[in-house]
Amino acid sequence: MYIKTFGCQMNERDSEIIEQLLAQEGYVPTAEPEGADVILINTCSIREKAEQKVFSLLGALRAEKANNPSLLLGVTGCVAQQEGEQIRDRMPHVDLIVGTQQIYRLPEMLERLRQRVTSKEIATNMETSFVIPPFQKLLADAPLSPAPLGFKRFVTIMQGCDNFCSYCVVPGTRGREISRPVADILEEVEILVNQGVREITLLGQNVNSYGTTNQVAAVQVTFPHLLRRVASIKGLRRLRFTTSHPKDLSEDLMRCFAEIEILCPHFHLPVQSGSNAVLQRMNRKYTVESYLEKVTALRAHRPDIALATDIIVGFPGETEADFQATMDLLNRVRFHSSFSFKYSDRPHTRSAGFDDKVAEEEKSRRLSVFQNRQDHICFERNSEYIGKEVDVMVESVNNGELKGRTPSNHIVHCAGADAHLLPGEIVPVQIDQAGKHSLKGIICAKH
Ligand code: 5AD
Ligand code: SF4
């Protein structure tokens, strides 16, 4: 079986679950599509580019399917959710279309196709409850594969989103926001930690509103409560979370950065634009001023916090002055890193119907102006670490070259590493060089 995955962190976790479910059914992953019995494409539709790639890949796989008629070809994830009918009509060689909330049905659907009980399987309905079954049940149905789990994992704490930013497909493709029960989350983290996982990233579209949209426990639990409980699990060395919405960032959550030792000082807080007029049309529900206040407060609680953000350039109606306001914001906050995108119309979103679309060339120009400045700031920010001693969690050691990450999520390379160092171990490193995208350092002698 060959699984081609596109995209975002959200569906990286889904891909893992799919692999786990299908390993249990005897499917073995292969690196190449040639010779595979099943090809699944787990898709992301957040931006237009990702979706275009899916259709061209499906087009390219038509020949594969012609060569091997028993091959089963499936599309899962957001594009399947959103364009289910269109895929069926445009790509008749696709056998299986599975939406974001139906991946747990994959084994039975594949079985029906293999037994030729059906010739096409489509499941794109949305559920009204949390779709991830309790981890204990998932384990009973599909025990973790014998392959090592690795040292860091994502744990989903909520699904969907209720924010309806005017440019975004997520509320449409992933449905309403539903928080996962606390007990399930704690149990999953405990099992993972007992199996050697050392770093957990709690995952949701808007983790800051965890527990506020539906009752997840007899007593109302907020995201800071959840963080404190997860952090108390013995053996866990690092805790992260993603993603946050600035409007829901509470004082209590900021305090967590000062109080919880294993909570890493790295915060992804997407701002999207530095212009209040644009933020309003994006339906973001905060202002540049309130965002800056939160940045100041966060840094007061945790001075070494590394801030990352997302930016969209060329939103409909974005003027040169609006864009300059985004550049001003970048220069004021000096983010440690950012993900920046050209705006693209997405199906069924409000902004797709807005006038005043920005020309493609202008969007490209603004994107490169932004990215050049960000690259420069990244270099300056990285240089601030020179001379400092940081804890690096080992990711790999190859020919004496260690690659790992700091709590602030910077990648660090060190020469002369002991080949016995294992992924997940933490070593002190003295940083002596900085690049745009990573740091270099020397492993400190044992204290
Ligand atoms: N066009 C461009 N970028 C988008 N994003 C979401 N929707 C769009 C769109 N229509 C970006 C946002 C979000 C990130 C995951 O993708 O910056 O934070
Ligand atoms: Fe999309 Fe906005 Fe929800 Fe993020 S908060 S997933 S950008 S609707």
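Values computed for the structure shown
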{"item": "Any hit, region 269-290, residues being within 16 Å of ligand 2 (Cβ to nearest atom), buried (at least 20 other Cβ atoms within 10 Å of the Cβ), part of a loop (DSSP other than H, G, I, E, B) and of a type in the set (Val, Ile, Thr)", "result": "yes"}
{"item": "Criterion: within 16 Å of ligand 1 (Cβ to nearest atom) and open to solvent by 30 Å² or more (accessible area, probe 1.4 Å) - qualifying residue of 86, 52", "result": "52"}
{"item": "Residues within region 161-184 that are under 19 Å from residue 125 (Cα atoms), small (Gly, Ala, Ser) and either touching a Pro at 6+ places or on another chain (Cβ under 7 Å) or within 11 Å of ligand 1 (Cβ to nearest atom) (or both), tallied", "result": "0"}
{"item": "Selected residue (criterion: farthest from ligand 2 (Cβ to nearest atom)) from residues of region 336-353 that are open to solvent by less than 60 Å² (accessible area, probe 1.4 Å) and in contact with a strand residue (DSSP E or B) (Cβ under 8 Å, 6 or more places away or on another chain)", "result": "336"}
{"item": "Criterion: touching a Leu at 6+ places or on another chain (Cβ under 9 Å), closer than 18 Å to residue 167 by Cβ and open to solvent by less than 50 Å² (accessible area, probe 1.4 Å) - qualifying residue of 333, 313", "result": "313"}
{"item": "Residue 352 among the hydrophobic types (A, V, I, L, M, F, W, C), more than 17 Å from residue 273 (Cα to Cα) and within 13 Å of ligand 1 (Cβ to nearest atom)", "result": "yes"}
{"item": "Pairs where the first residue, in region 275-290, is without any contact (Cβ under 8 Å) to a residue 24 or more places away in the chain and closer than 23 Å to residue 162 by Cβ and the second is within 16 Å of ligand 1 (Cβ to nearest atom) and in a loop (DSSP other than H, G, I, E, B), C-beta under 9 Å, 6+ apart", "result": "279/271; 279/273; 279/285; 279/286"}
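Residue-wise test of (1) within 10 Å of ligand 2 (Cβ to nearest atom); (2) under 18 Å from the mean Cα position of the chain (by Cα); (3) modelled with pLDDT of 90 or more.
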site: 123; (1), (2), (3): no, no, yes
site: 126; (1), (2), (3): no, no, no
site: 133; (1), (2), (3): no, no, no
site: 143; (1), (2), (3): no, no, no
site: 148; (1), (2), (3): no, no, no
site: 159; (1), (2), (3): no, yes, no
site: 164; (1), (2), (3): yes, no, yes
site: 168; (1), (2), (3): yes, yes, yes
site: 172; (1), (2), (3): yes, yes, no
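The values are calculated or read from the model by the stated rules, or taken from the named source; none is laboratory data. It should be emphasised that the depicted structure is a prediction, and the values quoted were computed from it without experimental measurement. Here Cβ is always computed from backbone atoms with ideal geometry, including for glycine, and neighbour counts include all displayed protein chains. Side chains included, ligands, DNA and RNA excluded: accessible areas come from the protein's heavy atoms. Shrake-Rupley method; radii C 1.70, N 1.55, O 1.52, S 1.80 Å.
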